[in-house]
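Below: the structure, in structure tokens.
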Amino acid sequence: MKYEIPIGPLHPALKEPIMIKCTIEGERIVDVDVIASQNHRGVEWIGMNRNNPVQSIYLAERICGICNFCHPSCLVIAVEEITGIEVPERAQYIRVIQGELERIHSHLLWAGVAAHELGFDSLLHYVWMVREKVMDILELVNGNRVTKSIIMYGGVRRDIKDEHIPKLRKMVEYYREGFNKIAKLFLEDKTIKMRTRNIGILTKEDAMKLATAGPTTRASGVKKDVRQDMPYYAYPDFEVRAVTPDILTGETVGDTYDRIVVRLLEVKQSLEIIEKALDEMPSGDILSEPKIIKIINQVKKSEGEAIGRHEAPRGEDIHYVKLKEGFEYLYAWKVRAPTYINILSWRPMLLDMQIADIPIVAASIDPCLSCTNRVTIVKNGKEKIITGDELHKLSIQKTRRLLR
Amino acid sequence: MTGEILLKTVLGGALITLFAIFFGLIFKGIDRKIVARMQMRVGPPIRQPFLDVIKLMNKETVVPENAIKWIYHASAIVCLASSAIILLYIPIAGIEPLLHGHGDIILIIYIFIISALAMVVGGFSSSSPFATVGAQREMITMASYEFPLAVVIIAIAWKLSEEIGGDVFSVYHIAQNPLWNSVGLLGFIGLLILLFAIVVVTPGELAKIPFDVAEAETEIAQGLLVEYSGRNLAMFYIADGVRTFAMASLITALFFPYNISPLLKNYISLGDFAIVTDFLFFLLKVFLIILFSVTLVRAGMARLRITQVVTTYWITITLIALFGLVLLMWDNQLDIPLPWVG
Amino acid sequence: MLPMLSQLLKQMMKKPFTNLFPAKYAPKNVRGYLKNVQEGKTKIIPPVGIPDEETFRGKIVYDREKCIGCKMCIRVCPAKAIEFKEEEKKIRIYIGRCIFCSQCNDVCPVDALHMSNEFLLADANKASENLIVE
């Protein structure tokens, strides 16, 4: 007997506005359909119609709360390429450190979520307790726990001060010591191994065909990393190599376990990069043009198009930007977040698996969907989709009713 | 005369039900607090389960449109009632249980099944795909943990019939004649193995991680209970606490029926307080069993898939329990004395 | 095989990691609790210490005297939280809209805007005095 179960948009495993419709036979998944929403938050529209480029940095920061450095970073790379704004070397190093701090906190956050999806809440609490350290450092350096607000056309807004450096080094040491423990808790646990080994396999072929990005593709053995293929910022100095699971386990299967391995190894890699960056950071300016109004005017005067690429924790993030002379806003702005291409790999991963594997496999690509879904009302077996306009009308009606 | 028995049964039954609910919820609170401390959280206060129940009682009871209403409501009551009557058969602190007789240990296992079945029926009747998956899983889990549990109980009863005889399938009889006193070395090891088997069966019986496949929160959104709310959910919530307490009491009666008052009498005279100390000691034993078979296990493991639950119980745990049974049999033939008993 | 078990037993004996702000258990009545705190009847458990007073981005402090009314902060504010008062040539900042990016601090030519380290800004009314700086 076949039947369908819907995972999402309201489901404890996937608190994101996307729906995985699974056709089930007993406990086995025979068909998977991913229904992505088509509604738009209008972020790009605001960037093209309302905000000047400086305001758009903070808008890009709010595309995603967790990767709030990669989105503005992509935008800034693209605009800097068009306008030819120079970036001082020290600022490049600080940007690298920020990017890697973000990777550490994002991967640790993911590790906790993955443990929760497996029903292993103790591990979730342990990992998030360890993660507090990097959050404290982010707060120390940036002035806020989550939103960094640090990047600016032509550099960064805040310097890493001398008195911060010992604390950063201490953090690196803390994680280096803690790494073995986390790796042991995750990789040697029998129950986790039972739940993730050979589950949700994405073959190298499929990974190439679907053009997946980030840890998802690297766990399948594809050595793809923007920091390696097209180094930006100060990354050429670090010679980053794409991390594949065979470094630790000796083989590449492409399953959920491998994706855990890759993310843990990337935390270690980030620690090395931060340490090296702290050692080699040159002194000097952090902003080539401190007068922001001048930057706005320079962007207004430029014309051209460019693509900004950044290796976000979830994969390659791309922003396409076009500027037109005399046009105050961005003339065109297209954001492509890494999850957008990674969700397609759910189908090959989930086929022939069990219902129990849906949460962990879905979580294993670290989905982060920053968009809104329309409302679907199901009554007496009929589906009715309410669009944004209708919803607006309904809420006006409700307000009128309440006012009366 | 019959009136007196009736009065005793009714009054005693009501008292024991209240007692079971009270201690079931208390132990649930302690369990949550300890898990929180293990995870380095503060955790809820120990009275939290009572507050939860009061809150659920005040909430609206929603019935899904396509549910079969009378079954949907009845299964909650059946689940709570069947969990509560288990304690009528289990000796608490060495006191003779209210109801007992020939073969009541088999009856206890059946009552455990009834309360689980009530949940299954409730799940099916609520007409949600998640609840249906949960109900199927619960039935499979039930079928898989009963086998090792039966092996453990039969092993104990058989050994008892060999050593002492009498009404071996009565819990009270088993509790009065602890097997540890009458076995040799092999039997001692065999009993330890059986204890391990029943401790592993406990989380399955009570639907706790790693065997909580039927309720898996992140997979099928509480499964069986997904549609339940308000008073019905409160009843399932209480039933869960009562089942935990009953299962731990059963393990206490089977494996640790000792009382502390005979030991203490050598040092101080207790008088009428003997029964109180015994009762406190009983609560301590129940607490330790819950700590090691539920709390620690549920905090320290990931949830298994349903297929892995079945293989764990049918192959691993059943083989372990059978090995314990074989050791008990060898004990009769070889009769190696315990090294620490002269 | 199960490395978490020993870790759990170790952690059980330690003090909880949670910062118990503002009280160990959530008070039944928050307003009543805060009133008690103000009257000195109960003591509030402090939040995590502010790590760096210079870099921390909290509620904006506005130096009215220094302000020359150049409107540059209004131009860069991403959240449109700043309003210009035409008759006085001064600004008004709605903290309810502020996203604490401190971009206005950077752009101000006369250094009239600063970030303080005050961050407990919750209020029931978004137009209350606490949430408007002028």
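The values are calculated or read from the model by the stated rules, or taken from the named source; none is laboratory data. Because the structure is predicted, anything quoted here is derived from the model rather than measured. Glycine gets a Cβ as well: all are built from the backbone with ideal geometry, and neighbour counts include every protein chain shown. Note: areas computed on protein heavy atoms with side chains; ligands, DNA, RNA excluded. Shrake-Rupley method; radii C 1.70, N 1.55, O 1.52, S 1.80 Å.
Here are a few things to note about the model shown:
- Take the Cβ atoms of A:R169 and B:W340, set R0 to 51 Å, and the FRET efficiency comes out at 0.35.
- Summed over both chains, the contact between B and A buries some 2400 Å² of accessible surface at a probe radius of 1.4 Å.
- Backbone N within the stretch A:195-236 under 18 Å of label point (7 Å from A:A36 Cα along the Cβ vector): A:207-217
- Inter-label distance, A:H392 to B:L192: 7.4 nm, where each label sits 7 Å from its Cα along the C-beta direction.
- Proximal aspartates and glutamates to A:K204, defined as alpha-carbon separation beneath 19 angstrom and excluding residues fewer than eight positions away on the same chain: A:D225, A:D229, A:D246, A:E251, A:D255, A:D258, A:E316, A:D352, A:D366
- DSSP-assigned coil residues among chymotrypsin sites (Phe, Trp or Tyr not before Pro) in the stretch C:1-51, each with at most 14 further Cβ atoms within 10 Å: C:Y25
- Violating pairs (Cα-Cα greater than 21 angstrom) within the set B:K159/B:K285; B:K265/B:K285; A:K133/C:K15; A:K148/A:K224; A:K15/B:K55; A:K167/C:K10: B:K159/B:K285; A:K148/A:K224; A:K15/B:K55; A:K167/C:K10
- Student exercise, chain A dipole from Lys, Arg, Asp, Glu Cβ charges, in Debye to nearest 20: 1640
- Across all Cα atoms of the protein assembly as shown, the radius of gyration (one decimal) and Dmax (whole number) stand at 32.1, 106 Å.
- Debye log10 I(q)/I(0) for the stretch B:40-139, one point scatterer per Cα, at q = 0.17, 0.21, 0.22 Å⁻¹: -0.96, -1.07, -1.09
- Calculated from backbone phi, Karplus (6.51, -1.76, 1.60) coupling profile of the stretch A:149-159 in Hz, x at Gly/Pro: 6, 10, 8, 8, 4, x, x, 10, 8, 10, 7
- The count of lysine pairs in the stretch C:50-134 with alpha-carbon distances below 14 Å, taking only pairs 8 or more places apart or on different chains, stands at 6.
- Among C:I95, C:P3, C:N19 the positive-end extreme of the charge dipole of chain C (Cβ point charges): C:P3
- Relative to one another, the C-alpha centroids of the stretch A:124-157 and the stretch C:1-63 are positioned 19 Å apart.
- The stretch A:179-238 - Rg over Rh from alpha carbon coordinates, Kirkwood radius: 1.10
- Test item: Cα-centred dipole of the stretch A:86-288, Lys/Arg +1 and Asp/Glu -1 on Cβ, debye: 460
- Considered as an equivalent ellipsoid built on the Cα gyration tensor, chain C has semi-axes of 40, 21, 13 Å, the largest given first.
- Per-residue SASA entry for B:R47, accessible area with 1.4 Å probe, Å² rounded to 10: 140
- Residue-wise HN-Hα coupling along the stretch A:25-30, computed from phi with Karplus coefficients 6.51, -1.76, 1.60 (Hz; x: Gly, Pro): 10, x, 10, 8, 8, 9
- According to the Kirkwood relation over distinct C-alpha pairs, the hydrodynamic radius of the stretch A:86-288 is 17.9 Å.
- Total formal charge among the other residues, if their Cβ is under 13 angstrom from that of B:I90, Lys/Arg +1 and Asp/Glu -1: 0
- Where labels lie 7 Å past Cα in the beta-carbon direction, separation of A:D279 and C:N19 in nm: 3.3
- Dipole in debye (nearest 20) - the stretch B:176-238, about Cα centre, beta carbon charges: Lys, Arg +1; Asp, Glu -1: 300
- Packing order of peptides A:147-159, B:107-119, highest average first: A:147-159, B:107-119 (average count of other Cβ atoms within 10 Å over each peptide's residues).
- Model label sites at A:K204 and C:N29, defined 7 Å from Cα along the beta-carbon direction, differ in position by 6.9 nm.
- Convex hull volume of chain A per residue (C-alpha atoms, cubic angstrom): 167
- Summary of packing: across the peptides A:100-113, A:281-294, the per-residue average of other C-beta atoms within 10 Å ranks them, highest first, as A:100-113, A:281-294.
- Applying both filters, DSSP loop and at most 13 other Cβ atoms within 10 Å, to the GluC sites (Glu not before Pro) of the stretch A:197-255 gives A:E239, A:E251.
- Look at the dipole of the stretch A:86-288 built from charges on Cβ: of A:L202, A:L264, A:M135, the Cα furthest out on the positive end belongs to A:L202.
- The stretch A:253-338: GluC sites (Glu not before Pro) falling in loop per DSSP and having at most 16 other Cβ within 10 Å: A:E303, A:E325, A:E328
- Simple rule: put +1 on each Lys or Arg Cβ and -1 on each Asp or Glu Cβ in the protein assembly as shown, find the dipole, and look at A:L350, C:A79, A:P338; the Cα lying farthest toward the positive end is C:A79.
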